[in-house]
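So the structure is just underneath, and the comments pick up after that.
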Amino acid sequence: MSSYEKLAPDQIRDYVRDRYGAIATQSDRPAASGCCSTASGSACCATSGQAYGEKLGYSATELAAAPAGSDLGLGCGNPIALASIRPGETVLDLGSGAGFDCFLAARQLNGTGHVIGVDMTPAMIAKARGHVRKSGFANVEFRLGEIEHLPVADATVDLIISNCVVNLSPEKPQVFREAFRVLKSGGRLALSDIVALQPLPERLRNQLAEIGACIGGASLVSELEATLRAAGFARVEVVPKPGSRELIASWSDDPTVADFVVSANITAYKA
C-alpha cells in the first residue's frame with residue numbers, strides 16, 4: 001500500500017493560494033537563491049534578480065522595463081518570446097502574479113490593445129494593481145479569479161500567455177477548456193511551463209511542497225498534448241528544454257527531480 005494519500009483538488013488549490021500569497025506579502029528585496037528548497041521552510045520557489053531572469057530567456061532590456069517589484073522570480077521561461085504580440089491585441093495572462101509578464105506584453109503593445117492578468121491570490125492582485133498605479137500602464141488590468149473559471153467573456157482574447165502556472169492546477173483539462181472558450185477564432189496560447197518526461201514517483205506527485213514548487217503537478221508531454229487537443233486546440237506543440245534541468249534541480253531537496261521534469265515552450269491555436 002502506498003504511504004502517500006491522494007490529494008484533493010481543493011487541498012492543492014488552498015495550499016498553492018496560501019503559498020503564493022505569502023510570496024506576495026514578502027518585502028521587495030530579492031529572494032535568496034535556491035529558496036525553492038522544501039526543507040528551508042521558504043514560501044516560494046522564487047530566485048529573482050537579473051541573472052535568474054536571463055537564465056529564463058529575458059533580455060536585460062526586458063528585465064529593466066517592468067515596474068520594480070513586479071518580477072518575483074516565479075517563472076520557468078519567457079512566454080513573451082513565444083507570443084509574437086501584435087499591436088491592438090487583447091492578451092490574457094493565466095496566473096499573472098505581480099504582473100511582470102503583463103507589463104512586458106503591454107510594452108510590446110505600445111499603448112494599443114489590452115492586457116488582462118488573472119490570479120487567484122488576493123495579495124498578488126493587490127501587488128499587481130499597485131504597480132499599475134505607480135507605473136501608469138493604462139491598458140493593463142488585473143482580475144481576481146481562478147484559471148479554471150476565468151472572469152473573462154467568451155471569444156474576447158487574441159493571445160493567452162502563462163509562466164509556470166498551469167502545472168499548479170489540479171484541474172488542467174478545465175484550464176484549457178476555459179482558455180479555448182475565451183480565445184477568439186484564430187487565437188493562440190504561448191506558455192512556459194514544467195512538463196514531465198517520465199511518470200513522476202508518488203514522493204513527488206503527492207506532496208504539497210513539491211506541487212507548490214512547480215514539480216509535483218507536471219503533466220507528461222503526451223498527456224499535455226492530448227489535453228490541449230481534447231479542449232479543441234490545433235497545431236499543438238510542446239518543446240521540452242533539457243537545458244533547464246540544472247535550474248529546476250535547485251527547486252527541491254529531492255536530488256532526482258531533474259530526471260523527471262524540465263521546462264517547456266508550449267504553443268497551440270484555436271481554429
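The values are calculated or read from the model by the stated rules, or taken from the named source; none is laboratory data. As the structure is a prediction and not an experimental result, all values here were calculated from the model. Cβ sites come from the backbone with ideal geometry, for glycine too, and all protein chains shown count toward neighbours.
The set of residues in the range 96-110 that are of a type in the set (A, V, I, L, M, F, W, C) and either part of a helix (DSSP H, G or I) or in contact with a strand residue (DSSP E or B) (Cβ under 8 Å, 6 or more places away or on another chain) (or both) comprises F100, C102, F103, L104, A105, A106, L109. Only a single item in (1) surrounded by fewer than 20 Cβ atoms within 10 Å (Cβ to Cβ); (2) touching a strand residue (DSSP E or B) at 6+ places or on another chain (Cβ under 7 Å); (3) part of a loop (DSSP other than H, G, I, E, B) is not met by V239, and it is number (3).
Residue-wise test of (1) at pLDDT 95 or above; (2) acidic (D, E); (3) under 21 Å from Y52 (Cβ atoms).
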site	(1), (2), (3)
D193	yes, yes, yes
A209	yes, no, yes
A226	yes, no, no
D253	no, yes, yes
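Restricting the range 201-233 to residues that are in a loop (DSSP other than H, G, I, E, B), surrounded by 21 or more Cβ atoms within 10 Å (Cβ to Cβ) and touching a residue at least 60 places away in the same chain (Cβ under 8 Å) leaves a set whose member that is nearest to the chain's Cα centre (by Cα) is C214. Of the numbered criteria (1) surrounded by 16 or more Cβ atoms within 10 Å (Cβ to Cβ); (2) touching a residue at least 40 places away in the same chain (Cβ under 8 Å); (3) within 15 Å of G95 (Cβ to Cβ); (4) in contact with a strand residue (DSSP E or B) (Cβ under 7 Å, 6 or more places away or on another chain), the one P122 fails is (1).
With at pLDDT 95 or above, among the hydrophobic types (A, V, I, L, M, F, W, C), under 18 Å from the mean Cα position of the chain (by Cα) and not in a strand (DSSP E or B) as the only criterion, which of A179, A153 stands out?
Working: A153 fails: under 18 Å from the mean Cα position of the chain (by Cα).
Within the list A179, A153, the selection yields A179.
Among the residues of the range 156-176, those identified as among the β-branched types (V, I, T), under 12 Å from the mean Cα position of the chain (by Cα) and not in a helix (DSSP H, G or I) are I160, I161, V165.
Note on the range 133-150: residues that are over 20 Å from the mean Cα position of the chain (by Cα) and not in a loop (DSSP other than H, G, I, E, B) amount to 3. When G73 is tested against (1) surrounded by fewer than 24 Cβ atoms within 10 Å (Cβ to Cβ); (2) small (G, A, S); (3) assigned to a helix (DSSP H, G or I), just one condition goes unmet, and that condition is (3).
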